[in-house]
Amino acid sequence: MNSIIQVEHLSKSYNGLPAVADVSFEVGQGEIFGMVGPNGAGKTTTIEMIEGLRVADSGQVRVFGLDPQRDQRTLAMRVGVQLQQAALPPRLRVREALELFASFYSQSADPGELLERLGLTEKADSPVSKLSGGQRQRLFIALALLHKPELIFFDELTTGLDPQARRSMWDLVRQVREQGVTVFLTTHFMEEAERLCDRVLILDQGRLVALDTPAALVNSLGVEKRLVFTTADGQDLPDLTNLPVVSRVERSGERVIVYGQGGRFASQVVAALEDANVELLDLRTEQANLEDVFLRLTGRELRD
């Protein structure tokens with residue numbers, strides 16, 4: 001893997017409280033690399049130290065082999081940044097914003113082409129204050145891509161967006177990577193990381209608790225599968241915990257969730273229920289996902 005970001009033993013504290021504690025990892029060229037965790041996990045502090053916006057207390061960061069603090073001007077020409085919070089003058093028009101930012105660089109993409117690519121052509125003459133949340137996010141993506149960066153940072157890209165706008169943002173992230181740009185994405189939405197990222201770093205309380213592909217994280221931690229169904233009113237269940245593939249059973253009224261592992265988990269549970277003449281309604285299996293991994297590692301749910 002050709003690493004373009006190297007982070008070694010990175011740490012940062014505020015008023016004696018650690019925000020980032022001894023974090024090390026690398027990001028390869030062409031990856032969509034995700035850093036996930038709940039609010040307050042240290043994601044924004046970490047990404048801002050990599051971008052050169054904050055000074056680390058200790059540790060080392062290299063981006064394209066350069067120091068983000070010492071070589072800010074050089075890296076600014078190669079790196080695009082979409083910040084978690086950003087603002088433009090409300091009366092500034094979309095096209096004017098792109099033309100203004102293009103003037104900051106020695107080379108830039110064609111503003112009209114970017115507007116079309118990001119679905120903003122019809123809003124080119126609209127003031128920023130008149131844009132929807134999704135349109136505003138697409139504008140900030142356009143500004144981050146304007147100078148044709150080799151690496152782009154997306155910090156909490158879809159926070160506050162409705163499901164349709166969020167899916168649209170996911171498509172745009174994939175398109176950016178298809179153009180040869182390496183993507184560093186922070187989010188606290190596990191589904192977002194699972195759908196987009198080649199590798200995922202899980203950060204909690206400032207510490208790196210896991211790093212791998214989404215599939216490998218799920219498989220290596222042995223997160224349980226689930227079989228969910230409802231039963232006819234008053235039906236008794238056999239003792240499914242006698243099956244070696246079953247770890248526990250939860251029942252709330254007519255709704256039943258069976259937890260377990262193994263390649264024949266679902267088939268063995270269903271066979272035992274059929275042998276006991278249990279009528280199954282709304283039967284479905286649920287595969288383990290990154291949120292299950294997070295709960296296993298940290299013991300708490302992700303929060304907005």
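Side notes on the structure shown:
- Cβ-Cβ contacts under 8 Å between residues 6 or more apart (or on different chains), taken from a first residue in region 286-304 that is part of a helix (DSSP H, G or I) to a second residue that is at pLDDT below 85 and of a type in the set (Val, Ile, Thr), are listed as ASP292/VAL223; VAL293/VAL223; ARG296/VAL223.
- Among residues of region 110-159, those that are in a loop (DSSP other than H, G, I, E, B) and farther than 14 Å from ARG78 by Cβ, counted: 13
- When the residues of region 171-185 are filtered to those that are at negative phi and not in a helix (DSSP H, G or I), the one that is surrounded by the fewest Cβ atoms within 10 Å (Cβ to Cβ) is GLN179.
- Within region 123-136, the set of residues being without any contact (Cβ under 8 Å) to a residue 40 or more places away in the chain and either within 17 Å of ARG91 (Cα to Cα) or not assigned by TED's automatic domain parsing to the domain that holds PRO163 (or both) comprises LYS123, ALA124, ASP125, SER126, PRO127, SER129, LYS130, LEU131, SER132, GLY133, GLN135, ARG136.
- 1 or more residues basic (Lys, Arg): qualifying strands (runs of 3 or more DSSP E) within region 1-93: 3-14, 58-63
- Single residue of ARG296, ARG284 found to be within 29 Å of ASP204 (Cβ to Cβ) and under 30 Å from the mean Cα position of the chain (by Cα): ARG296
- Against the numbered list (1) touching a strand residue (DSSP E or B) at 6+ places or on another chain (Cβ under 7 Å); (2) within 25 Å of GLU191 (Cβ to Cβ), GLY222 comes up short only at (1).
- GLY134 buried (at least 18 other Cβ atoms within 10 Å of the Cβ) and either farther than 19 Å from ALA165 by Cα or out of contact with any Lys or Arg (no Cβ under 7 Å at 6 or more places or on another chain) (or both): yes
The values are calculated or read from the model by the stated rules, or taken from the named source; none is laboratory data. Predicted model, so just to flag it, every value in this text is computed and none were measured. Ideal geometry is used to build each Cβ from the backbone, glycine not excepted, and the neighbour counts take in all protein chains shown.
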